[in-house]
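Colleague: The structure under discussion is supplied below as structure tokens; questions concerning it will follow.
The values are calculated or read from the model by the stated rules, or taken from the named source; none is laboratory data. Source: prediction; values computed, not measured. As a convention, Cβ positions derive from the backbone with ideal geometry for all residues, glycine included, and neighbour counts pool all protein chains shown.
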Amino acid sequence: MIKLFDNGAYLLHGTELVEDNAEAGAVLASKIGSVPSKEEASKNTLAYGILEKHNTSDNMDNLKIKFDKMTSHDITFVGIIQTARASGLKEFPIPYVLTNCHNSLCAVGGTINEDDHMFGLSCAKKFGGVYVPPHQAVIHQFAREMLAECGAMILGSDSHTRYGALGTMAIGEGGGELAKQLLCKTYDVAKPGVIAIYLDGEVQKGVGPQDVALAIIGATFGCGYVKNKVMEFVGPGVDRLSADFRIGIDVMTTETTCLSSIWKTDDKIKDWYDIHGRSEAYKEMNPGDVAYYDGVVYVDLSTVKPMIAMPFHPSNTYTIDDLNANLMDILDDVEKRALVSLDGKVDFTLKDKVRDGKLYVEQGIIAGCAGGGYENICDAADILRGKSIGADEFTLSVYPASTPIYMQLAKNGVLADLIETGSIVKTAFCGPCFGAGDTPANNAFSIRHSTRNFPNREGSKIQNGQISSVALMDARSIAATAANKGYLTSATDLADIEYTHPKYFFDKAIYDRRVYNGVGKADPSVEIKFGPNIKDWPEMVPLTDNLLLKVASVIHDPVTTTDELIPSGETSSYRSNPLGLAEFTLSRKDPEYVGRAKAIQAVEKVREAGECMGKAFPEVKKVMHAIKEKFDDVCGSNTGVGSTIYAVKPGDGSAREQAASCQKVLGGWANIAKEYATKRYRSNLINWGMLPFVIDKDFDFDNDDYVFIPGIKDAVKNKTEVIKAYVVNKNFAEIELRLGELTDDERQIITDGCLINYYKYN
């Protein structure tokens, strides 16, 4: 059972909940002899204490956070360092770890990926950072093993930066926010609400962390219960979970759209730090005797069953039992959802996977920061030991999350147990999680203990008529399915399995021999290695007095993911080339977008050159003439021209700033949305000088509409709440736009044109 409280609640002594209702005062008085204020009791949460410690301002309502450490992977670190270099970077001011777990495969016909890795190594030497070579560890496992500390804060450029189970409050953000930290600036955010995730009971045999995580995601995502808030895990159920189990739940909190997470700590976490040779990093952490939370998610662990998140979102959850019992009805619902997600561009069905009333899958994957943990793999091996995955279409691949985990699996025989079944065990690599490895065949169905199952994220290409799909499951049920040769099976159906839980011994010798640690050893004499694909950011102009925006894409999906805005997978090989990568913007969602954006960008380039836009572009001449009839002071010198997209709820998913920067380098000035799915996507827009407009009332935008926004620069500076704009080609229909809350620095970044300009001009 999962219950969302309608109100906030007090937590007494870390164990007892008192809901904030009319009877709360009397209950509190009877139990503790007083009625503390919500304001004071809220200071007793773990989250408040950590945020207060890291806040550099004297205002806890508007935080200015400095992090203890940072981490990035090889899709993001080149752009981050290039941004910081352009803004005056001399040395990494805090430990900064550069991992190489996303684009570790060779780029076909070139050297792109390894060139970026050498860029990272040379920067670690020059600026004093840590460089983790390819295949050594996925970003979050290395951070857990080597960076996490109780009470610390870590900022990462990957959305699944979550180390709360180890007592570390971690946040995943776009590259702009990391560049700010490198330049000794702060992460500015309003004090987030704190939601208690109260765990009670004990999990059933065969239930894993992904099952608990999916149950929570399914209950919270749609209603936004924890959106942009901190999830704080408390309650007696925490004590009954192993460290690895907690980590497996924690990493998936990102899919709820929360800001961060934190857990109480105990002897199991102390043992974890002891095993990893970092006993000094541990301290016991508990909320105060009386702590107030803005809401509560009550989870009875004993009621959680093996779960499956069907395509195309982690919140599309069912129990495996329910799916098997109502197979055709649920598959019919999935197909209806797919019509929205895939825009009807390809035929999609899973009903052809039904054989003799059972659902057959073609692929199983246990991988990455969510699935590649030691306990997950050992439990999967216990299920599969002595069995065969079969010689048909079904395949199983296992990716241990780090080389130390891989080494221990080799030493204790688990590796051999897996290989004997026909499973393939690979090195630490995030490829299956974002479409750069183990891409299924067309129309194939993959079950994965990984983080996301968004459309095309597994690597298929709708524009080429290719579609496969992913469902998220726990490693134990994936192994049960593998033991059943591809027929979907819940791990709890295998009553005779004995889970051996072999002890883990961490050996960091491979890190000592292969990981470059330059913290505190910056060497300015080192020359940065630039491959031919590594390009500087193009020049970007400041915000003009007025704006003329052409709508380059209209997306009516309920949610638009960052994977749809800029596809992951093999396109990421161009990640260090802003213009090269931009060619893939919206390519799987709206292949015409790039052409439309470039067409209006060409107008802006003429304007920036001081030439007459009207002479070169008759359509724009006509539009400007119409505007001048109502706003006679409008001219090319004070009116920027560019593109915008309209989407209902853009930005769910990855922290990759490219979702915003690719629009920017193609001439984007703004997004118009009903709301933004995540803070990190909105922050990415702002850091790239793009206006994050929100529109309250529905308007029927079409591609190629012209939206004129007079006085936009003054509106940003003067904090105008409602900004009037006009759809020129639709009889000057008036619309109202809002920018929402912006800090003074964010307003300056937008008016300067981007974060790089902000540091250049100020």
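Colleague: Only residues in region 470-486 that are farther than 13 Å from I366 by Cβ count as the first member; pair them with residues that are in a helix (DSSP H, G or I), Cβ under 8 angstrom, at least 6 apart or cross-chain, and list the lot.
Modeller: Final answer for the pair search is A483/I383; A483/L384.
Colleague: Does region 641-658 contain at least one residue that is within 28 Å of I171 (Cβ to Cβ), touching a residue at least 24 places away in the same chain (Cβ under 8 Å), surrounded by fewer than 24 Cβ atoms within 10 Å (Cβ to Cβ) and among the charged types (D, E, K, R)?
Modeller: yes
Colleague: Does A482 count as within 30 Å of G651 (Cβ to Cβ) and either in the same structural domain as R588 (by TED's automatic domain parsing) or of a type in the set (A, V, I, L, M, F, W, C) (or both)?
Modeller: Details: within 30 Å of G651 (Cβ to Cβ): no; either in the same structural domain as R588 (by TED's automatic domain parsing) or of a type in the set (A, V, I, L, M, F, W, C) (or both): yes.
Considered against the rule, which asks whether it is within 30 Å of G651 (Cβ to Cβ) and either in the same structural domain as R588 (by TED's automatic domain parsing) or of a type in the set (A, V, I, L, M, F, W, C) (or both), A482 comes out as no.
Colleague: May I ask you to verify whether T544 is of a type in the set (S, T, Y), at negative phi and within 31 Å of the chain's Cα centre (by Cα)? Spell out the reasoning first.
Modeller: On the way: of a type in the set (S, T, Y): yes; at negative phi: yes; within 31 Å of the chain's Cα centre (by Cα): no.
So T544 does not fit the description; no.
Colleague: Continuing with this model, one more query. Can you say whether H102 is in contact with a Ser or Thr (Cβ under 9 Å, 6 or more places away or on another chain), buried (at least 23 other Cβ atoms within 10 Å of the Cβ) and either at pLDDT below 90 or under 18 Å from L755 (Cβ atoms) (or both), as far as the supplied structure shows?
Modeller: Criteria met by H102.
Colleague: Can you name the residue in region 732-749 that is closer than 17 Å to D698 by Cα and either surrounded by fewer than 18 Cβ atoms within 10 Å (Cβ to Cβ) or acidic (D, E) (or both) and, of all such residues, is nearest to the chain's Cα centre (by Cα)?
Modeller: Taking region 732-749 and keeping what is closer than 17 Å to D698 by Cα, we get 732-739.
In the following step, the residues that additionally are either surrounded by fewer than 18 Cβ atoms within 10 Å (Cβ to Cβ) or acidic (D, E) (or both) were identified as 732-734, 736, 738.
Numbers: F732: 38, A733: 37, E734: 35, E736: 30, R738: 25 Å.
Applying the filter and picking the extreme gives R738.
Colleague: Considering each of G167, G174 in turn, give the residue that is modelled with pLDDT under 95 and small (G, A, S).
Modeller: Of the residues listed, the single one that is modelled with pLDDT under 95 and small (G, A, S) is G174.
Colleague: Report yes if G277 is at positive phi and surrounded by fewer than 20 Cβ atoms within 10 Å (Cβ to Cβ), otherwise no. It would help to see each step written out before you state the result.
Modeller: Values: at positive phi: yes; surrounded by fewer than 20 Cβ atoms within 10 Å (Cβ to Cβ): yes.
Yes, satisfied.
Colleague: Among (1) touching a helix residue (DSSP H, G or I) at 6+ places or on another chain (Cβ under 7 Å); (2) modelled with pLDDT of 90 or more; (3) crowded, with 24+ Cβ neighbours inside 10 Å, which single condition is Y487 missing?
Modeller: Of (1) touching a helix residue (DSSP H, G or I) at 6+ places or on another chain (Cβ under 7 Å); (2) modelled with pLDDT of 90 or more; (3) crowded, with 24+ Cβ neighbours inside 10 Å, only one is false for Y487: (3).
Colleague: Given the condition under 39 Å from the mean Cα position of the chain (by Cα), touching a residue at least 40 places away in the same chain (Cβ under 8 Å) and farther than 16 Å from A552 by Cα, answer yes or no: does some residue in region 587-602 qualify?
Modeller: No; the residues of region 587-602 include none that is under 39 Å from the mean Cα position of the chain (by Cα), touching a residue at least 40 places away in the same chain (Cβ under 8 Å) and farther than 16 Å from A552 by Cα.
Colleague: Going by the conditions given, is G208 in contact with a Gly (Cβ under 9 Å, 6 or more places away or on another chain) and crowded, with 22+ Cβ neighbours inside 10 Å?
Modeller: yes
Colleague: If you don't mind, there's one more thing I want to ask. Quick check: anything in region 377-384 closer than 19 Å to V251 by Cβ, of a type outside the set (A, V, I, L, M, F, W, C) and in the same structural domain as R476 (by TED's automatic domain parsing)?
Modeller: From region 377-384, those closer than 19 Å to V251 by Cβ are 377-380; that's our starting set.
Keeping just the survivors that are of a type outside the set (A, V, I, L, M, F, W, C) gives 379.
Now drop any that are not in the same structural domain as R476 (by TED's automatic domain parsing), which leaves 379.
Yes, region 377-384 has at least one match.
Colleague: Those residues that are in a loop (DSSP other than H, G, I, E, B) and more than 27 Å from E741 (Cβ to Cβ), I need them from region 183-220; list them, please.
Modeller: Across region 183-220, the qualifying residues are G201, E202, V203, Q204, K205, G206, V207, G208.
Colleague: Now for a separate question. For region 411-429, check the following and say yes or no: at least one residue is part of a helix (DSSP H, G or I), under 29 Å from the mean Cα position of the chain (by Cα) and under 29 Å from T76 (Cβ atoms).
Modeller: No: zero hits.
Here is a yes/no grid of residues against (1) part of a strand (DSSP E or B); (2) touching a Cys at 6+ places or on another chain (Cβ under 9 Å); (3) closer than 14 Å to A444 by Cβ:
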site	(1), (2), (3)
M328	no, no, no
V334	no, no, no
R337	no, no, no
G344	no, no, no
T349	no, no, yes
L359	yes, no, yes
I365	yes, yes, yes
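Colleague: If a residue has to be modelled with pLDDT under 95 and surrounded by fewer than 19 Cβ atoms within 10 Å (Cβ to Cβ) to count, how many in region 303-314 make the cut?
Modeller: So the answer is 0.
Colleague: Which helices (runs of 4 or more DSSP H) does region 666-755 wholly contain that include 1 or more residues that are more than 24 Å from E608 (Cβ to Cβ)?
Modeller: So the answer is 679-687, 744-752.
Colleague: Let me ask another. Here is a list: I269, I249. Which entry is in a helix (DSSP H, G or I) and within 22 Å of D652 (Cβ to Cβ)?
Modeller: Numbers: I269 fails: within 22 Å of D652 (Cβ to Cβ).
After ruling out the rest, the residue left standing is I249.
Colleague: Still on this model: Mind checking which residues of region 348-376 are more than 24 Å from G390 (Cα to Cα) and either among the β-branched types (V, I, T) or free of Cβ contacts under 8 Å to residues at least 12 places away in the same chain (or both)?
Modeller: If the condition is that a residue be more than 24 Å from G390 (Cα to Cα) and either among the β-branched types (V, I, T) or free of Cβ contacts under 8 Å to residues at least 12 places away in the same chain (or both), then T349 is the only one that fits.
Colleague: Ok, one more. For G248, all conditions in the list (1) at pLDDT 95 or above; (2) farther than 17 Å from L166 by Cβ hold save one; what is the number of the exception?
Modeller: Here G248 clears every test but (2).
Colleague: Please find, within region 580-614, the residue that is surrounded by the most Cβ atoms within 10 Å (Cβ to Cβ) out of those that are basic (K, R) and modelled with pLDDT of 90 or more.
Modeller: Top of the filtered list is R607.
Colleague: Now for a separate question. Condition first: aromatic (F, W, Y) and assigned to a loop (DSSP other than H, G, I, E, B). Can you find one or more residues in region 442-449 that meet it?
Modeller: no
Colleague: Would you check which residues across region 520-558 are in a loop (DSSP other than H, G, I, E, B) and touching an Asp or Glu at 6+ places or on another chain (Cβ under 7 Å) and list them?
Modeller: A522, G531, N533, I534, V541, P542
Colleague: Here are the criteria: (1) within 25 Å of V297 (Cβ to Cβ); (2) outside any helix (DSSP H, G or I). Tell me which single one H140 does not satisfy.
Modeller: H140 satisfies every listed condition except (2).
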